[in-house]
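One structure below.
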Amino acid sequence: MDAKKQKVRQFRDPSPELKQIQKKISRLLAAIAFSDLAHGGVTGKSPRSNATPHLGQRCVVNVDVKGFFPNVRHYIVYRLFQSELGCGRDVARLLTRLTTLDAGLPQGAPSSNAIANLLLTDVVDKPVSFVATKMNVEATRFVDDFTFSGNEPRPLINATAKALSRRRLSIWRKNGKFQPTPKLKIKPNSQRQEVTGLVVNGGSGPSLSRDRRDAVRAAIFQLVSITDASSRSKALESIRGRISHVRTYNHGSALRLEKYLTTCLGKTSTERPR
């Protein structure tokens with residue numbers, strides 16, 4: 001794919017020493033209550049818990065914040081620590097320097113999700129939750145991805161955009177030049193509805209899409225053509241991890257994939273899956 005046409009997410013991995021400090025900061029911040037909407041970076045919650053409230057709904061709306069992490073500027077984080085959390089200026093300045101990079105919130109840092117949740121809890125989540133409850137609409141948020149579902153959840157789009165503007169943030173309204181996949185999605189039940197990568201059309205529980213399950217099967221098929229022992233071992237480990245992920249949501253599909261893996265391995269070696 002042409003690199004100029006591909007959108008790249010940049011994850012900034014801090015040094016081991018800074019990572020340990022950020023983990024401690026994250027644990028301290030996690031002691032502060034997040035909103036009920038928050039599911040990303042919250043202990044006891046997961047993509048499954050984020051998707052479950054939207055099962056079997058007439059319409060599902062996915063709203064993504066535009067360039068969330070780099071657009072959370074250092075002065076916004078500083079104000080959070082000083083004005084909203086009550087830290088002194090020196091402490092707030094130090095915490096800001098420890099948790100920001102290039103004047104923004106670094107994606108992938110241990111402290112970033114906790115800071116994101118705190119930034120959005122009062123200013124965005126609470127007013128959005130109020131409107132959602134009034135309209136009998138289900139609402140969840142996984143870090144910077146909002147999902148609304150119900151008979152008519154679309155008015156929540158503008159409500160979310162208005163609340164985010166208080167943090168100088170905005171939502172994706174249309175495809176960007178380097179973003180061919182729509183960020184704002186409105187899906188009726190007649191189309192595939194996905195929340196944090198899970199299909200929610202059915203009522204029994206979130207599941208992985210057939211495309212993602214077929215991708216694992218394709219990886220197994222390609223495994224037989226890998227002749228280098230080290231590369232083959234790494235590929236096999238990756239496949240087993242992916243099958244384990246499938247098992248979480250689609251047990252029957254995972255069993256079929258395990259059987260197919262055993263068959264493919266039997267054709268090329270005596271190794272069997274654990």
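The values are calculated or read from the model by the stated rules, or taken from the named source; none is laboratory data. This is a predicted model, so every value here is computed, not measured. Quick reminder, even Gly has a Cβ in these numbers, built from the backbone with ideal geometry, and neighbours come from all protein chains shown. Only protein heavy atoms, including side chains, enter the accessible area calculation; ligands, DNA and RNA are left aside. Shrake-Rupley method; radii C 1.70, N 1.55, O 1.52, S 1.80 Å.
Any chance the range 241-251 includes a residue that's at pLDDT 90 or above, assigned to a loop (DSSP other than H, G, I, E, B) and surrounded by 15 or more Cβ atoms within 10 Å (Cβ to Cβ)? Yes - at least one qualifying residue is present in the range 241-251.
Of all residues in the range 23-32, those being without any contact (Cβ under 8 Å) to a residue 12 or more places away in the chain and part of a loop (DSSP other than H, G, I, E, B) number 1.
Among the candidates Thr52, Thr43, the residue that is surrounded by fewer than 20 Cβ atoms within 10 Å (Cβ to Cβ), without any contact (Cβ under 8 Å) to a residue 40 or more places away in the chain and β-branched (Val, Ile, Thr) is uniquely Thr43.
Please verify whether Leu29 is over 17 Å from the mean Cα position of the chain (by Cα) and under 23 Å from Ala159 (Cα atoms), treating the condition exactly as stated. Spelling it out, it is not the case that Leu29 is over 17 Å from the mean Cα position of the chain (by Cα) and under 23 Å from Ala159 (Cα atoms). The criterion of being in contact with a Lys or Arg (Cβ under 9 Å, 6 or more places away or on another chain) and surrounded by fewer than 22 Cβ atoms within 10 Å (Cβ to Cβ) holds for Ala92. The set of residues in the range 136-150 being in contact with a Phe, Trp or Tyr (Cβ under 9 Å, 6 or more places away or on another chain) and free of Cβ contacts under 8 Å to residues at least 60 places away in the same chain consists of Val137 alone.
In this structure, Arg213 does satisfy being of a type in the set (Lys, Arg), under 20 Å from Arg48 (Cβ atoms) and open to solvent by 40 Å² or more (accessible area, probe 1.4 Å). Taken together, the criteria exclude Ser49 from residues that are of a type in the set (Ser, Thr, Tyr), closer than 26 Å to Ser165 by Cα and assigned to a helix (DSSP H, G or I).
Among the helices (runs of 4 or more DSSP H) confined to the range 82-158, the ones with at least 1 residues that are under 26 Å from Arg48 (Cα atoms) and among the β-branched types (Val, Ile, Thr) are located at 112-120, 126-134. Scanning the range 218-234 for residues that are at pLDDT 95 or above and either β-branched (Val, Ile, Thr) or surrounded by 15 or more Cβ atoms within 10 Å (Cβ to Cβ) (or both) gives Ala219, Ile220.
The single condition among (1) on the phi < 0 side of the Ramachandran plot; (2) over 17 Å from the mean Cα position of the chain (by Cα); (3) modelled with pLDDT of 95 or more that Val61 does not satisfy is (2). Scanning the range 203-217 for residues that are of a type in the set (Gly, Ala, Ser) and at pLDDT below 95 gives Gly203, Ser204, Gly205, Ser209.
Considered as a group, the residues in the range 16-40 that are among the charged types (D, E, K, R) and open to solvent by 70 Å² or more (accessible area, probe 1.4 Å) include one that is farthest from Glu138 (Cα to Cα), and that residue is Glu17. Would you be able to say whether some residue in the range 198-214 is more than 20 Å from the chain's Cα centre (by Cα) and assigned to a helix (DSSP H, G or I)? So far as the range 198-214 goes, yes, one or more of its residues are more than 20 Å from the chain's Cα centre (by Cα) and assigned to a helix (DSSP H, G or I).
Quick one: in the range 67-80, which of the residues that are touching a Lys or Arg at 6+ places or on another chain (Cβ under 8 Å) and not in a helix (DSSP H, G or I) is surrounded by the fewest Cβ atoms within 10 Å (Cβ to Cβ)? This residue is Arg73.
Residues in the range 258-274 that are farther than 13 Å from Leu223 by Cα and at pLDDT 95 or above were compared, and the one that is surrounded by the most Cβ atoms within 10 Å (Cβ to Cβ) is Glu258.
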